[in-house]
Amino acid sequence: MKKAQVMSRRSLTVSHIVKAGVALAMWSGSAAYADDTAPAGRAIGYAFSYIQLSVNESEGAKAECPEGLVELGPREQFKAAFPEGGAKRTVIDTQLRQEADIWFPKTEPDQFPYRFAGGKTSRGLDLDGKVKPTDFTSPEGKPGIDNQLFRVIGCYNGFREAGSVRNFYKLNLIKANINRAMIELTDVDSLVNDDDVTITSYRGREYLVADATGNEFLPGGTQRVDMEWGKQYIHSAKGKIVNGVLMTQPMDFLSPHETAYQTAPYDLMRDARFELKLTPEGAQGLIGGYVDIETLHASRNRTSSTHHLSYGQEAWGSIYRALIKLADGFPDPKTGKNTAISGSYDVKMVQVRVVHPDKEVAEVDAPVAKQFADTSAAK
């Protein structure tokens, strides 16, 4: 009897250890693809918890910026263009002239030297299926990476890991639900391998659910689709999932980036392709495509004053001219000049339940509407 009890306890202990091990594996993500079944309703949503323009960084920026990071920001350019002393100057001839160049930059050659990023490595995607002299190689060794935007912004401290642009975007992604970009995958039979799924982008209406630190976000929240002010964010494309990685056909993608002034600006990426590693709890990877130059220029100026742009040495007259110079996509049908530049986003997402308002709001509000109608009739 005692021997049987001992064996029973040992079996129970082993059972608990096995169950705990399985739970730990699932929690850590190592068993993310163990269950090859379709998500509930054959659909799953993900909200962006991180999105930044891809900038490859080496130690001390030596590989991509051998001459150093950009030093001539708006303040330094102003001092160089309008040195102290000499003839009497007016505000119109100095400050306002520089502000005009930031908001309405001319396309003539820049009077200041520009530091383009170089090197052989950059994150991004092969957008045209070609390997050109201007292309990069990915950190994983894949050739043909199209990311001319990295050449333009790679040596600006503001766009790098510790820079002001990333910091402001991260903070406002957390505190401003107007920036709630998300995607929903439908017709999903498996998150491991599925040769025909549909991706649709939306803007949500809720805050992300944060952990105790406030810096990481938890899966399982709910996001209502913004159908009142967010219709321009809705775009769809076909895709497939291979070994847990989503790869999509091109579509337009709008990324909201409100940081100040309540102007609700966004960046527009044309022919955006998603390449994301999927799990039931989240997604992570790249979005590559052609960033619309006018939209990017307006977005940065509408969200930040010249004072704030100076934090990262962003002189947007010079940056705009560099963007035009290296633009490699979407030629204007009248002028033939390219209007977009190849680039990519580094992204992280958390799983959310996507609520489509049309049907559910009608169901929820129907009794309220009827009660209001009955009350009005009684009056």
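Please treat every number below as a calculation from the coordinates, not as lab data. On a predicted model such as this, the values are computed, not experimentally measured, just so you know. For neighbour counting, all protein chains shown are included, and Cβ atoms are generated from backbone atoms with ideal geometry for every residue, glycine included.
Per-structure values
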item	result
Antiparallel bridge percentage (DSSP; both residues within the range 36-378; nearest 5)	95 percent
Binned Cα-Cα distances of the range 36-378, short to long, each 10 Å bin given as a whole percent	5, 23, 30, 23, 11, 5, 2, 0, 0
Zone residues, the range 111-139, relative to Ala80, backbone N less than 14 Å from point 7 Å out along Cα-to-Cβ	111-116
Neighbourhood charge, 11 Å Cβ-Cβ cut-off, centred on Gln148 and excluding it, Lys, Arg +1 and Asp, Glu -1	0
Charge sum, other residues only, whose C-beta stays under 10 Å from Ile287's C-beta, Lys/Arg counted +1 and Asp/Glu -1	-1
Exposure proxy ranking, count of Cβ atoms within 10 Å, fewest first, for Tyr345, Tyr50	Tyr50, Tyr345
Full-extension gain in nm, His356 to Asn167, via 0.36 nm per residue minus C-alpha separation	64.9 nm
Cross-link pairs Lys132/Lys337; Lys106/Lys142; Lys62/Lys238 - those with Cα-Cα distance over 30 Å	Lys106/Lys142; Lys62/Lys238
Three-way shape label, the range 208-339, alpha-carbon gyration tensor, a/c 1.5	oblate
Anisotropy class of the range 300-358 from Cα gyration tensor, a/c 1.5 cut	oblate
Unit charges on C-beta of K, R, D, E only; dipole of the range 36-378, Debye	900 debye
Cβ-Cβ FRET estimate between Ala210 and Thr137, R0 fixed at 51 Å, reported to 0.05	0.90
Stretchable slack from Thr335 to Met227, in nm (0.36 nm times residue separation minus alpha-carbon distance)	35.3 nm
Sites Asp36 and Thr90 - FRET efficiency at Förster radius 51 Å, r taken between beta-carbons, to 0.05	0.10
